[in-house]
Amino acid sequence: EPEVTQTPSHQVTQMGQEVILRCVPISNHLYFYWYRQILGQKVEFLVSFYNNEISEKSEIFDDQFSVERPDGSNFTLKIRSTKLEDSAMYFCASSERRDSPGKLFFGSGTQLSVL
Amino acid sequence: GQQLNQSPQSMFIQEGEDVSMNCTSSSIFNTWLWYKQDPGEGPVLLIALYKAGELTSNGRLTAQFGITRKDSFLNISASIPSDVGIYFCAGQLDSGSRLTFGEGTQLTVNP
């Protein structure tokens, strides 16, 4: 069964460092998302991406964050200068069509720890 | 932003019991969704609801989209140990827009 793949599964970094989280969405999907989940809390929306541009972003997704689809298969989230409060599980998700509401398939996540 | 209130926060039940959890919102959603999350994994979609009043089943799971569009519930019948996990409701306002998640219900099933 097709799945969304995320790497690495765990990332430890020092405060102020840049990190890049990588995702390979399901191959025929066109819409891509990043969500995050701080330990013990709910899943929060960060950004959605379609046709090589951001469709929607949340208030969390400030200038320190950026997304990119560098080739036909990868979708990345970059945090330029990490802060302690960026520590969270980051989930990539993809969906086939914009009018398939809620049919997002999530990856297993990257646990980011900022020290 | 929109907020979802999910209750209860946690439940401890015996195998075979039925379970009910619900979500309420101060504003309308046009799609309601229920996800399950196992430790170390991403959310997995259980049920999607698209119309006010809709009642949908998926095996032992049944969910309803409230008539006011401001609430939804999920029932699990005859619980089994593998039902253990965190259940999240999520609302979506417009097709393609962000999902807003509830805070989750931690379900523990004792054999």
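The values are calculated or read from the model by the stated rules, or taken from the named source; none is laboratory data. Keep in mind that what you see is a predicted model, and the values were worked out from it rather than measured. Every residue, glycine as well, gets a Cβ built from its backbone with ideal geometry; the counts of neighbours run over all protein chains shown.
Return yes when B:Ser72 is polar (S, T, N, Q) and away from chain A (no Cβ under 14 Å) and no when it is not.
For B:Ser72, the condition - polar (S, T, N, Q) and away from chain A (no Cβ under 14 Å) - is not met.
Please return the ranges of strands (runs of 3 or more DSSP E) entirely within region A:1-87 where 3 or more residues are closer than 26 Å to B:Thr105 by Cα and either in contact (Cβ under 8 Å) with a residue 12 or more places away in the chain or away from chain B (no Cβ under 11 Å) (or both).
A:31-37, A:43-50
Return yes when B:Ser95 is surrounded by fewer than 21 Cβ atoms within 10 Å (Cβ to Cβ), closer than 21 Å to A:Ser95 by Cα and polar (S, T, N, Q) and no when it is not.
On the way: surrounded by fewer than 21 Cβ atoms within 10 Å (Cβ to Cβ): yes; closer than 21 Å to A:Ser95 by Cα: yes; polar (S, T, N, Q): yes.
So B:Ser95 fits the description; yes.
Which residue out of B:Thr24, B:Thr108 is surrounded by fewer than 18 Cβ atoms within 10 Å (Cβ to Cβ), modelled with pLDDT of 95 or more, under 24 Å from A:Gln41 (Cα atoms) and touching a Lys or Arg at 6+ places or on another chain (Cβ under 8 Å)? Please lay out each step first, then the result.
Values: B:Thr108 fails: touching a Lys or Arg at 6+ places or on another chain (Cβ under 8 Å).
Answer to the selection: B:Thr24.
B:Ala78 is checked against (1) more than 8 Å from every other protein chain (Cβ to nearest Cβ); (2) surrounded by fewer than 13 Cβ atoms within 10 Å (Cβ to Cβ); (3) free of Cβ contacts under 8 Å to residues at least 60 places away in the same chain; (4) part of a loop (DSSP other than H, G, I, E, B) and fails just one. What number does that condition carry?
(3)
Might you let me know whether region B:83-93 holds any residue that is more than 30 Å from A:Phe49 (Cα to Cα), touching an Asp or Glu at 6+ places or on another chain (Cβ under 8 Å) and touching a residue at least 60 places away in the same chain (Cβ under 8 Å)?
No: zero hits.
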